[in-house]
Structures are given as structure tokens and as C-alpha cells.
Amino acid sequence: MKAADLPLYYNMCEILEHNLDTRANKTALLCEDRSMTFGEVSRQVNQAGNALKKLDVRFGDCVAILCPDCPEWVISFFAATKIGATALGMNTLLKTEEYDYILGDSRARVLIVHDSLLDAIKPVLANHLTLLKVVVIGNTVDPEYTAFTDWIASEEETLAAAHTHRDDFCSLHYSSGTTGMPKGVLHAHKDYPLIAQLSGVDVFGITEGDRTFSVAKLFFVYGIGGNLIFPWYVGASCVLYAGSPRQVAGVLKTIETCQPTVFVGVPTVYGAILALPEFDKRYKLNSIRLCLSAGEALPAPAWQTWKDATGLEILDTIGCTETYHTFMANQPGAIRPGSSGKPIGGYDVRLVDENGNDVAAGEVGHLMVRGESSALFYLHQCEKSRHTFRGEWLFTGDQYRRDEDGYYWHAGRGDDMLKVGGLWVSPVEIENALCEHEAVSECAVVGHHDNAQLLKPKAFVCLHENREASKEVLGELLKLCAGKLDAHKRPRWIEFIDLLPRTATGKVQRYRLREL
Ligand code: 3UK
């Protein structure tokens with residue numbers, strides 16, 4: 001599928017509305033306390049869209065949503081895009097100053113916020129004169145604000161979609177980098193059917209009979225793609241989970257109750273489930289036919305243990321906010337555990353050196369990707385945009401190696417790579433070696449200057465709960481590295497810590513380790 005196959009004037013609310021002809025009474029979404037049909041969702045989208053129009057929200061204006069995964073999140077998102085505005089699903093794990101930055105950078109006109117998150121953003125609302133209205137979802141609504149249900153209750157249940165060009169922007173996602181303030185990534189209406197067809201249908205084979213469930217939240221592109229856009233594009237249902245993915249028991253209980261067929265997971269959650277003794281006997285997971293993983297590399301041992309316990313083969317896939325969704329994946333029947341698979345249809349990749357020339361086979365290079373769902377720039381970030389968006393190609397910042405069979409292996413982030421003694425060293429290679437020790441639960445390697453001000457690898461190691469840091473363990477780790485790694489790659493320091501610092505979306509913040 002190509003963008004040019006879509007009508008020139010196209011609104012992404014089609015992804016919901018094409019279901020109205022034949023499936024208006026089919027369940028579109030389920031959550032802990034409710035379920036809604038496509039018809040019901042569509043009527044409330046129209047009501048919310050009419051309420052936004054009454055506030056004079058116009059083409060291109062930003063509507064910010066700050067809410068755990070629930071029907072109102074979805075309704076607000078489609079309402080905004082349907083009237084031609086830009087929907088901004090905000091990360092629910094950010095700090096007040098980050099909300100302040102995002103409200104300002106996006107010039108949000110309306111904020112739709114869940115009562116449980118109001119306190120986190122309330123102190124900065126007065127800073128934003130562009131903000132016309134705050135609508136609150138939930139039970140305990142401050143009389144200062146309008147309750148979501150009251151806001152839409154008296155509105156008309158019909159609404160014509162705005163005459164949007166397929167290249168008009170319809171969503172804004174802030175991507176939390178490992179450094180600096182988050183960057184706003186705008187996506188167009190066309191990107192939604194593109195990713196649904198290219199990944200959801202062509203690679204993952206999602207069909208009308210499926211039911212998706214995601215631990216990645218809707219504010220995260222991987223989550224909204226896998227758990228809203230893919231299923232609705234084919235008329236399947238989704239399960240919304242408002243809880244934290246860290247509450248693994250809640251995740252497993254939801255799977256047991258709602259019986260999804262597709263599980264949209266991340267490596268840390270697979271790891272946490274595997275750490276629960278006899279999880280496969282205590283919870284019924286047999287509704288699941290397909291398991292996805294993304295966000296960071298899924299280690300091969302976790303892939304194998306999951307397969308041994310459940311019989312299911314996880315598909316590790318990589319995408320980024322800039323491409324909206326997947327561009328490389330392990331495909332059913334062609335999986336290489338530990339790798340990110342191969343480029344999927346609709347996307348091309350290249351591995352290049354510092355000068356932009358293709359690297360030789362087997363060598364690590366910077367990953368560039370080309371595909372029609374790519375964003376065009378970062379909002380208000382000229383310099384960063386120039387660095388990342390290079391004509392048709394997107395510079396991902398990832399380091400990859402391609403093996404003889406064409407599979408791609410992640411070798412860390414470009415900005416994490418170390419040059420030791422003039423040679424490139426990937427922290428990931430050292431981390432993999434350390435993780436082979438049975439006492440190690442996770443670890444991260446960063447560059448650290450030695451007495452001669454030369455960069456050398458330093459490892460931060462977390463041990464399993466029942467293990468103590470000791471001279472013995474340290475000695476074993478050093479010995480392990482000596483056996484596995486070339487001399488220049490061996491960590492010169494190993495420090496034991498309780499937890500690795502992570503971003504709100506779960507990525508290790510190496511820059512914080514560097515600062516330690
Ligand atoms: C890293 C991976 C190794 C990689 C995303 C699937 O994660 C997503 O988007 P983000 O913008 O982050 C992108 C960056 O995360 N990464 C993601 N997946 C993998 N590294 N193996 C993987 N399987 O550094 C990438 O550049 O938060 C993932 C679909 C849509 C997405 N937006």
C-alpha cells in the first residue's frame with residue numbers, strides 16, 4: 001500500500017467509521033468496567049467533536065489528552081482528528097515541568113485530563129494563555145472545571161468529518177529522548193492507514209476475529225498502533241488496561257478475563273512475567289495466538305524461556321515515534337531470537353558510516369530508514385530536525401549489524417557507542433556478556449574517563465533479589481568478560497547498583513549513569 005492509494009482528502013476517523021456499515025453493534029473496546037460498540041464509540045466521538053467545535057477549536061489546533069487508557073481517551077483522540085484538529089496523547093508518567101513545556105510547545109487549546117492526573121498538571125495551567133478549556137474525566141470533578149460526561153451530554157450525535165487532506169497533520173507525540181526535553185513529532189492522517197496495513201495486516205496478520213491487548217499505553221505510538229489503530233482498521237476489538245504494566249498480576253488477570261488473541265508487550269514486562277513462579281500454571285493465557293515485543297531489544301534467552309513456558313514465539317519488532325510504527329520485524333515462521341528481524345514491506349533500511357557511506361557486510365553502522373509513514377520534522381526544533389530527517393531518509397540514532405542472512409542485530413544507540421583505543425565498542429555486547437552470569441538481573445555499560453582521560457567501558461550491574469554483591473561475584477564477572485570479550489571491550493570498573501535509571505517509557509537513561 002502507498003499513500004497515493006488513499007483519497008487525496010482523507011480523515012483518519014475512517015479507521016473507526018468504516019466499521020459502522022457492517023459492525024455498528026460489534027464490541028469495539030472492552031475495559032475493566034465497560035464495553036462499547038463501534039456505534040456507541042462513534043456517537044460519542046461526534047458529541048465530543050461537536051463540543052470541541054463549540055469551543056472554536058479549528059484546523060490544526062492542538063487538543064491535549066492526559067489520561068490512563070480508557071474509552072474517553074479514545075473518544076477524545078478521534079473527536080480531535082475528526083474535526084481536523086491535532087490530537088496530543090500525553091505521557092502520563094511525566095513531571096509537572098515537562099507538562100508545562102509540552103502545553104507551551106504545542107499551544108494546546110483544550111486539555112482533557114483524567115481526575116487522577118489533574119494534580120500533576122494543575123500547577124502549570126495558568127502559564128498557558130492559549131488554553132481555552134480544561135475538561136475532566138472521572139468521578140471527583142473540581143467545580144472549577146467541566147466534567148467530560150456533562151461536556152458532551154447535550155451535543156448532537158452526528159458530525160461530518162473535516163475535509164482534511166491526507167497530508168494534513170492529525171496527531172502530535174512527544175518522544176522522550178534520553179537527553180533534553182521531549183521532541184514533538186507530527187503525523188499526518190495518511191500515516192494511520194499506512195501503518196495499519198503495512199504492519200498490522202501485512203506482517204502481523206491481524207483480522208476481524210482478533211482481540212488485542214497492550215501493556216504499552218495509548219500515549220506511546222507502539223501502544224496506540226497495536227491496540228487501537230491495527231484492530232479497528234480490520235474491525236477487531238481492543239482491550240484497554242488502565243493499570244500500570246508493572247502490576248504484572250493485573251496484566252495477567254486482564255488476559256484471563258478478556259481473552260485477547262494478540263498481546264502487545266515489551267521486554268521488561270515479558271521479563272517480569274517470566275520471573276513470577278509458575279505463571280503459566282497460575283494464569284490462563286491460552287487465548288493468545290500472537291505476542292509482539294518492541295521498545296528495546298528482546299534478549300534471546302527471554303524469547304526461549306517464554307517459548308518453553310507458553311509455546312508462543314514472540315515477534316521482536318522495531319519502530320520509532322518518527323516512523324509511527326514498525327519498520328523492521330521478525331515475521332511469523334522466520335524468527336531469529338535476539339535480532340530485530342528484517343525490514344518490512346514499505347520500508348527500506350541502510351547501515352552507514354560517519355560519512356554516510358554504506359558499511360561493509362557484518363559491520364556495525366548507523367541505521368537509516370525510509371518509508372512513507374515517516375514524520376517530516378520535530379516541532380520547533382530546526383537543528384534536531386535537520387540532523388534526523390535527511391530527505392527521504394530518517395537517521396534513527398541506532399547502531400545495527402546485518403548478518404549473512406539479512407537479519408538485523410541491534411548494537412546500541414549511536415550516542416552510546418564508545419571508541420576505546422580507536423576501536424568502536426558497543427555497550428550492548430558487554431552487557432550481553434555480563435548478563436550471562438546467573439546472579440545478574442540487568443546491567444548497563446557507559447563510557448567513563450580513566451586517569452589518562454581516555455574513554456573506557458564502565459558497567460553498572462543489578463543483581464537478582466536473593467543475591468548479594470561480593471568480591472566473589474565481582475571476580476566471576478571479570479573472569480566471564482575476560483573469556484568473552486576482546487581486551488579493549490572489557491569493563492574497567494564494575495559497580496553494583498539497586499536499579500537502573502529509566503525514562504518514563506522504560507528506556508535506560510545512560511546519560512544519568514554517565515553522570516554518576
Ligand atoms: C529503540 C529498539 C532494539 C530504538 C516504537 C515499536 O520504541 C518505539 O518508539 P520510540 O520513539 O523509540 C524508538 C527507539 O527505541 N527500540 C525500539 N524497539 C526496539 N531497540 N530493539 C527493538 N525491538 O533505539 C529506537 O530507535 O519510543 C517501537 C513501534 C513503534 C514505536 N514507536
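Please work out the average accessible area per residue across region 417-515, using the 1.4 Å probe convention, and give it in Å².
55 Å²
Work out, in µm²/s and without decimals, the Stokes-Einstein translational diffusion coefficient of the chain at 25 °C, 0.890 mPa s, Rh from Kirkwood over C-alpha pairs. Let's see the in-between values first.
Numbers: Rh = 24.0 Å.
It diffuses with D of about 102 µm²/s by this estimate.
Run the numbers for Asn25 and Asn451: contour at 0.36 nm per residue of separation, minus the present Cα-Cα distance, in nm.
Numbers: separation 426, 0.36 × 426 = 153.36 nm, distance 6.97 nm.
So the extension gain works out to 146.4 nm.
For the residue pair Ser154 and Ala360, what label-to-label distance in nm results when each label sits 7 Å from Cα along the Cα-to-beta-carbon direction?
Going from the Ser154 label point to the Ala360 one covers 7.5 nm.
What FRET efficiency do you get for Phe59 and Gln247 if R0 is 45 Å and r is their Cβ-Cβ distance, rounded to the nearest 0.05? Walk me through the intermediate numbers first.
Values: r = 40 Å, r/R0 = 0.89.
Rounded to the nearest 0.05, the efficiency is 0.65.
Enumerate the calculated ³J(HN,Hα) couplings along region 278-286 in order (Karplus 6.51 cos²θ - 1.76 cosθ + 1.60, θ = phi - 60°), each rounded to whole Hz, writing x wherever the residue is Gly or Pro.
Coupling constants for region 278-286: 6, 4, 6, 8, 7, 10, 8, 10, 6 Hz.
What ranking do 59-72, 431-444, 98-111, 497-510 get when scored by the average of other Cβ atoms within 10 Å per residue, highest first? Write down the numbers at each step before the final one.
On the way: 59-72: 23.0, 431-444: 18.8, 98-111: 21.1, 497-510: 16.2.
Final packing ranking: 59-72, 98-111, 431-444, 497-510.
Quick one: which residues, 5 or more positions from Ser171 or on another chain, have an amide H under 5 Å from its amide H? H modelled 1.01 Å from N in the peptide plane, none for Pro or chain starts.
The answer is Ala87, His187.
Compute the distance in nm between two label points, each set 7 Å from the Cα along the Cα-to-Cβ direction, one at Asp348 and one at Glu465.
Label at Asp348, label at Glu465, 5.1 nm between them.
So if each residue of separation counts as 0.36 nm, and I subtract the Cα-Cα distance between Leu499 and Thr130, what length gain in nm does that give?
Details: separation 369, 0.36 × 369 = 132.84 nm, distance 4.00 nm.
Full extension of this stretch gives 128.8 nm more.
Excluding ligands, DNA and RNA, what is the solvent-accessible area per residue of region 138-288 at a probe of 1.4 Å, expressed in Å²?
Normalised by residue count, the accessible surface of region 138-288 is 38 Å².
Can you give me the long-range amide H partners of Thr146? Hydrogens built in the peptide plane at 1.01 Å from N, cutoff under 5 Å, separation of 5 or more residues or another chain.
Under 5 Å from the amide H of Thr146: Val134, Val136.
Take the solvent-accessible surface of the protein heavy atoms, probe 1.4 Å, and return the percent of it on region 300-418 that carbon and sulfur atoms account for. Write out the running numbers ahead of the final one.
Values: 2500 of 5290 Å².
Here it works out to 47 percent.
Apply the Karplus curve 6.51 cos²θ - 1.76 cosθ + 1.60, θ = phi - 60°, to the phi angles in region 18-25 and return the couplings in whole Hz, x for Gly and Pro.
Calculated HN-Hα couplings, in order: 5, 7, 6, 5, 10, 10, 4, 9 Hz.
If Lys and Arg each add +1 and Asp and Glu each add -1, what is the summed charge of the other residues whose beta carbon sits under 10 Å from the beta carbon of Ala439? Before the final figure, lay out the partial values.
Working: positive: Arg467; negative: Glu438, Glu468, Glu472, Glu476.
Around Ala439, the charge tally is -3.
Give the peptides 384-390, 470-476, 354-360, 262-268 in descending order of average Cβ contacts within 10 Å, highest first. If you can, show how the numbers build up before the last one.
Details: 384-390: 15.0, 470-476: 12.3, 354-360: 10.3, 262-268: 23.7.
Packing order, densest peptide first, comes out as 262-268, 384-390, 470-476, 354-360.
With θ taken as phi - 60° and the coefficients 6.51, -1.76 and 1.60, list the Karplus ³J(HN,Hα) couplings across region 426-439 in order, rounded to whole Hz; mark glycine and proline as x.
8, x, 4, 5, 5, 4, 4, 5, 5, 5, 6, 6, 5, 7
Using the beta-carbon distance between Cys435 and Glu392 and R0 = 35 Å, what value does 1/(1 + (r/R0)^6) give for FRET efficiency, to the nearest 0.05? Intermediate values should be presented prior to the final figure.
Numbers: r = 37 Å, r/R0 = 1.06.
Using R0 = 35 Å, I get an efficiency of 0.40.
Full extension from Lys281 to Glu472: what is 0.36 nm times the residue separation minus their Cα-Cα distance, to one decimal in nm? Intermediate values should be presented prior to the final figure.
Working: separation 191, 0.36 × 191 = 68.76 nm, distance 3.58 nm.
Gain in length upon complete extension: 65.2 nm.
According to a simple spin-label model (label point 7 Å from Cα along Cα-to-Cβ), what is the distance in nm between Val201 and Arg492?
Label at Arg492, label at Val201, 5.6 nm between them.
The values are calculated or read from the model by the stated rules, or taken from the named source; none is laboratory data. Not measured: the values here are computed from a predicted model. Note: ideal-geometry Cβ built from the backbone for every residue, glycine included; neighbour counts use all protein chains shown. Just the protein is used for accessible areas: all its heavy atoms, side chains included, with ligands, DNA and RNA removed. Shrake-Rupley method; radii C 1.70, N 1.55, O 1.52, S 1.80 Å.
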